[in-house]
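Below: one structure, written as structure tokens.
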Amino acid sequence: MSNIRTAFQNGKAFIPFITCGDPDLETTKKVVKAAAENGADLIELGIPFSDPTAEGPVIQGANIRALASGTTTDKIFGMVAELRKEVSVPLVFMTYANVVFSYDPERFMAKCCENNVGGVILPDLPFEEREEFSAVAAQYGVDLIPLIAPTSADRIAMIAKEASGFIYIVSSLGVTGVRSEISTDIGKIVDVIRSVTDVPCAVGFGISKPEQAEKMAGLSDGAIVGSAIIRILEQYGTEAAPHVGEYVRSMKEAVMRAR
């Protein structure tokens, strides 16, 4: 359907998450380009929402700053259109069902298709209610990317069978944020996924250090990092791009060491 799977064709993938509009969209553009230039295989772009229930305090803060700067979904689509003149790396949006619903799902997916955004992640969308979005997403060649959590248990195979693009494995219970240790049996989850589908899977939530990224990529097809990148943006603001680029390079090198 989309170009997402190309991110996993050359070994383990590193996937950074960036909240659009934090601190402003011009900075987001620079940060996305820096991430792409330094080895990001796929980039998650967060569309800010006033009630981001899956996010910890770091990314909540990014949402607040982005909304305060006047960031809107339309402006984000405009930014992506400009980015696509220079950046070819696969892109996906991560946001909430209300954002897509209020924009109009068909209009949203059509805009994704127009701007070569290959997938959408909606962490608050229950698997049983995905049809409202997945049908229109498929119509426009956009993958509705599922999340599989440690609590998914006997639902893992059911969710994985329906997956396209890639599968987002949530490493830990709770909200996003940096964790010192990830104790979930990721290997067991991956084994179930691979018994029913060849769709790639990547691990997110809690990864911040190269050794964590290497370990999680070794168990799956890639590692996803959000809060650690948002902290760099919070620290450096409009000057964050080179610092994010340096961080992405170190994390990409780590996942490439994974076996």
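Summarise the long-distance tail of P(r) for the range 109-259 by giving the % of C-alpha pairs beyond 24 Å.
Result: 38 percent of Cα pairs exceed 24 Å.
Run the quick spin-label model on Glu162 and Asp185: label points 7 Å from Cα toward the beta carbon, then report their separation in nm to one decimal.
Spacing of the two 7 Å Cα→Cβ label points: 2.6 nm.
Pull out the extension gain between Leu67 and Ser250, defined as 0.36 nm times the separation in residues minus the alpha carbon to alpha carbon distance; nm, one decimal.
Fully extending the segment from Leu67 to Ser250 adds 62.9 nm.
Can you pull the three principal axis extents for the Cα set of the range 63-191, in Å, largest first?
41, 34, 28
With 20 Å as the limit, write out which pairs from Lys12/Lys252; Lys12/Lys161; Lys75/Lys252; Lys161/Lys215 have Cα-Cα distances beyond it, or answer none.
Cα-Cα > 20 Å for Lys12/Lys161; Lys75/Lys252; Lys161/Lys215; rest within.
If exposed means no more than 13 neighbouring beta carbons inside 10 Å and the site is in a DSSP loop, what's the longest run of the chain without any exposed GluC sites (Glu not before Pro)?
Between the exposed loop sites, the longest stretch runs 87-180.
Given an 8 Å cut-off on Cα distances and at least 6 residues of separation, report the relative contact order of the chain as a percent.
26 percent
Search the structure for amide H atoms under 5 Å from the amide H of Phe93, placed 1.01 Å from N in the peptide plane, and list their residues when 5 or more places away or on another chain.
Those qualifying (amide H under 5 Å, at least 5 residues apart or on another chain) are Leu45, Gly119, Val120, Ile121.
Cα extents of the range 4-257 along the three principal axes, largest first, in whole Å?
43, 39, 32
Say we join alpha carbon atoms closer than 10 Å with springs in a Gaussian network model of the chain; which of Ala241, Ala135, Ala228 then has the biggest fluctuation?
Of Ala241, Ala135, Ala228, the most mobile in the Gaussian network model is Ala135.
Name the most mobile residue of Val99, Val80, Val225, meaning the one with the largest mean-square fluctuation, in a Gaussian network model of the chain with Cα contacts below 10 Å.
In this elastic network of the chain, the residue with the biggest mean-square fluctuation among Val99, Val80, Val225 is Val99.
Can you list the HN-Hα couplings for the range 101-115, worked out from phi with the Karplus curve (6.51, -1.76, 1.60; θ = phi - 60°), rounded to whole Hz and with x for Gly and Pro?
Per-residue couplings from phi come out as 5, 6, 6, 4, x, 5, 5, 5, 5, 4, 5, 4, 4, 4, 9 Hz.
Residue by residue through the range 142-155, what is 3J(HN,Hα) from phi via Karplus (6.51 cos²θ - 1.76 cosθ + 1.60, θ = phi - 60°)? Round to whole Hz and write x for glycine and proline.
So the J values, rounded to whole Hz, are 10, 7, 8, 7, x, 10, 10, 9, x, 8, 5, 6, 6, 8.
With a sphere of radius 11 Å drawn around the Cβ of Gly46, what net charge do the other residues whose Cβ falls strictly inside it have (Lys, Arg +1; Asp, Glu -1)?
With Lys, Arg at +1 and Asp, Glu at -1, the net is -3.
Using only DSSP helix segments of four residues or longer, with each worth -39500 (n - 2.57), what per-residue ellipticity at 222 nm results for the chain after dividing by its residue count and rounding to 500?
-13500 deg cm²/dmol
Mind sorting Asp198, Asp74 by how few other Cβ atoms lie within 10 Å of their own Cβ, fewest first?
Listing Asp198, Asp74 from fewest to most nearby Cβ atoms yields Asp198, Asp74.
Give, as ranges by residue number, the residues of the range 29-49 whose backbone N falls under 19 Å from the point 7 Å along Cα→Cβ of Glu86.
29-46
FRET efficiency for Asp104 and Thr53, Cβ-Cβ distance as r, R0 = 22 Å, nearest 0.05?
0.50
Within a Cβ distance under 13 Å of Glu239, other residues only, what is the Lys/Arg minus Asp/Glu net charge?
-3
Can you list residues from other chains, or at least 5 along the same chain, whose modelled amide H is less than 5 Å from the amide H of Glu55?
The list, which skips near neighbours in sequence, is Thr176.
Quick note: the coordinates plus some simple rules give every number you see, no bench work behind them. The structure presented is a predicted model; accordingly, all values stated were derived computationally and were not measured. Quick reminder, even Gly has a Cβ in these numbers, built from the backbone with ideal geometry, and neighbours come from all protein chains shown.
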